[in-house]
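Remarks on the structure that follows.
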Amino acid sequence: MQISKFQIGKNGITQGVLESLLLVFKNHKQVRISMLKSSGRDRNSIEGVASEIAEKLSKDKAFAYTYKIIGFTIILTRRSKLKSPKMQNKF
């Protein structure tokens, strides 16, 4: 499995970033997002950014997105389609 690479800088999460991530997830299951120094790299802000990205991408309910943080890098993973409301609680 190939992991696509992505960077977030001083502008943070914009609508363009979210649209680009959705395009990348059409062909890849994982994306490696590097937080640049200009984005204000501290552990708490990275956790907030990862959580916000996963939440905004999951709005359409077609896929569930999970993340793992390693240093200043977010590994964002697309999970299988959600089939029922009961299944949402298992993620």
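State which residue is nearest to A64 (Cα to Cα) when the search covers only region 18-39 and only residues that are without any contact (Cβ under 8 Å) to a residue 24 or more places away in the chain and surrounded by 13 or more Cβ atoms within 10 Å (Cβ to Cβ).
Among residues in region 18-39 that are without any contact (Cβ under 8 Å) to a residue 24 or more places away in the chain and surrounded by 13 or more Cβ atoms within 10 Å (Cβ to Cβ), the one nearest to A64 (Cα to Cα) is V24.
Just give me the residues in region 1-11 being without any contact (Cβ under 8 Å) to a residue 40 or more places away in the chain and either surrounded by 15 or more Cβ atoms within 10 Å (Cβ to Cβ) or under 22 Å from R79 (Cβ atoms) (or both), in sequence order.
M1, Q2, S4, K5, F6
Looking only at residues that are of a type in the set (A, V, I, L, M, F, W, C) and modelled with pLDDT under 90 in region 41-63, which one is farthest from H28 (Cα to Cα)?
Going through region 41-63, the residues of a type in the set (A, V, I, L, M, F, W, C) turn out to be 46, 49-50, 53-54, 57, 62-63.
Now drop any that are not modelled with pLDDT under 90, which leaves 62-63.
Details: A62: 15, F63: 13 Å.
Looking at residues that are of a type in the set (A, V, I, L, M, F, W, C) and modelled with pLDDT under 90, I get A62.
Looking at (1) surrounded by fewer than 17 Cβ atoms within 10 Å (Cβ to Cβ); (2) part of a strand (DSSP E or B), find the lone condition where K59 falls short.
With respect to (1) surrounded by fewer than 17 Cβ atoms within 10 Å (Cβ to Cβ); (2) part of a strand (DSSP E or B), K59 is out only on (2).
Among the residues of region 26-56, which ones are part of a helix (DSSP H, G or I) and of a type in the set (D, E)?
E47, E52, E55
Could you check region 13-25 and list, in sequence order, the residues that are out of contact with any strand residue (DSSP E or B) (no Cβ under 8 Å at 6 or more places or on another chain), of a type outside the set (A, V, I, L, M, F, W, C) and either at pLDDT below 90 or not in a loop (DSSP other than H, G, I, E, B) (or both)?
Q15, G16, E19
The values are calculated or read from the model by the stated rules, or taken from the named source; none is laboratory data. The shown structure was predicted, so the numbers you read here are calculated from the model rather than taken from an experiment. A quick note on method: Cβ atoms are made from the backbone with ideal geometry, for glycine too, and the neighbour counts reach across all protein chains shown.
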